[in-house]
Amino acid sequence: MKKNYSVSESPVILLRPSPGWVALKLNELWDYKELLYFLIWRDVKVRYKQTVLGAGWAIIQPFFTMVVFSLFFGKLAKMPSDGIPYPIFSYAALVPWTFFTNGLNKASNSLVSNANLIKKVYFPRLCIPIASVLSGVFDFLLSFTVLIAMMFYYNLTPTINIVWLPCLLLLALCASLSVSLWLSAMNVQFRDVRYIVPFIIQFWMFATPIVYPSSLLPEPWRTVYGINPMVGVVEGFRWALLGTTTAPGSIIIVSSLVTFLLLVSGAFYFRRMEKSFADVA
């Protein structure tokens, strides 16, 4: 028999902000996994809603950037490319780079754009930037199919190192999320962040070996260069897919350590600041 509760008998849950630094409570993300799934699906649908080319934009952006880079840096500047045809050399870097920047762009502004949702109901706020970054996996898969087609065109066979590709994609995802956690939490307090992000991405691109190989640097500076997390990702993608001769082992180790530190510190900073999101966003 169904029992009817009166208002006085209904359970009352009080939510109070925790003072100071708090635990990450990552188990809450699992409890709200359905919400995370729908946020990801919503972001994918909204991105291409009412567009003529739809998901084709996921391919157009990195492909035409590759064409421009090949003309100016490959043909005119004669930039070295580790013995790989320059178009596929640059495109293999642009695929993970575009995934990284799209996630960073969307996630850094995700809390402000979802202010109405944050003010109405309680859920782990970490779901919002995580969903923004994860929704980029769909675009990554589309642009990756073009990379595979280019490898067939240039008669390049993937090496056995391709088994490391999921780990490299995970590293790119963690790198994007780690920076996004810092910037999204800061963006709630300081709206200047939305204007700073494009400058950060522009500077970061030229600090990443997309149009040039990291082999131009001698050791130990090449390993130090891995402090930029995307250096390990980009060089790892080329090594795993195109079989470039220089295995980026030490670079990937440094990039992974930096990414881990950024991710953990960013998650704690996000949790510390989230108690003020509903008031300020």
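At each listed q (0.27 Å⁻¹), what is the log10 of I(q)/I(0) that the Debye formula gives for segment 114-196 modelled as equal alpha-carbon point scatterers? Rounded to two decimals, the profile gives -1.35. Of the residues W204, S184, V163, the one whose Cα sits farthest toward the positive end of the charge dipole of segment 149-281, with +1 on the Cβ of Lys and Arg and -1 on the Cβ of Asp and Glu, is S184.
Rounded, prolate or oblate for segment 121-166? Axes are the square roots of the Cα gyration tensor eigenvalues, ordered a ≥ b ≥ c, and the cut-off for rounded is a/c under 1.5. Working shown, then result.
Numbers: a/c = 8.15, a/b = 2.72, b/c = 3.00.
Because a/c hits 1.5 or more and a/b fails to exceed b/c, segment 121-166 counts as oblate.
For segment 54-126, chymotrypsin sites (Phe, Trp or Tyr not before Pro) meeting the loop criterion (DSSP other than H, G, I, E, B) and having at most 12 other Cβ atoms within 10 Å: Y122.
Over the chain, the alpha carbon radius of gyration divided by the compact-protein estimate 2.2 N^0.38 Å works out to 1.14.
Mind listing which trypsin sites (Lys or Arg not before Pro) in segment 22-87 are in a DSSP loop and have 12 or fewer other Cβ atoms within 10 Å? Those satisfying the criteria are K25, K49, K78. 3J(HN,Hα) couplings calculated from phi for segment 252-268 with the Karplus curve 6.51 cos²θ - 1.76 cosθ + 1.60 (θ = phi - 60°) are, in sequence order, 5, 4, 5, 4, 5, 5, 5, 4, 4, 5, 5, 5, 5, 5, x, 5, 5 Hz; Gly and Pro show x. Applying 1/(1 + (r/R0)^6) with R0 = 30 Å to the Cβ-Cβ distance of L71 and K45 gives a FRET efficiency near 0.30. Karplus-derived 3J(HN,Hα) values for segment 27-39, using 6.51 cos²θ - 1.76 cosθ + 1.60 with θ = phi - 60°, are 5, 5, 4, 5, 5, 10, 5, 5, 5, 4, 4, 6, 5 Hz; glycine and proline are entered as x. Stretching the chain fully between I200 and L117 yields a gain of 27.1 nm (0.36 nm per residue, less the alpha carbon separation). Relative to the longest principal axis of the Cα atoms of the chain, the long axis of helix 229-242 lies at roughly 50 degrees.
Might you tell me the accessible area per residue for the chain, computed with a 1.4 Å probe and given in Å²? With the other protein chains kept in place, the chain gives 54 Å² per residue.
Keeping the other protein chains in place, figure out the carbon and sulfur percent of the accessible area of the chain, with a 1.4 Å probe. Before the final figure, lay out each step's value.
Details: 10630 of 15260 Å².
Percent of accessible area from carbon and sulfur atoms in the chain: 70.
Per DSSP helix of 4 or more residues, -39500 (n - 2.57); summed, then divided by the residues of the chain. What does that give at 222 nm, rounded to the nearest 500?
Working: 14 runs with 178 residues, N = 281.
One gets -20000 deg cm²/dmol as the mean residue ellipticity at 222 nm.
The values are calculated or read from the model by the stated rules, or taken from the named source; none is laboratory data. Bear in mind that the values here come from a model prediction, so they are computed numbers and not experimental data. Here Cβ is always computed from backbone atoms with ideal geometry, including for glycine, and neighbour counts include all displayed protein chains. Note: accessible area is taken over every heavy atom of the protein model, side chains too, but ligands, DNA and RNA are not part of it. Shrake-Rupley method; radii C 1.70, N 1.55, O 1.52, S 1.80 Å.
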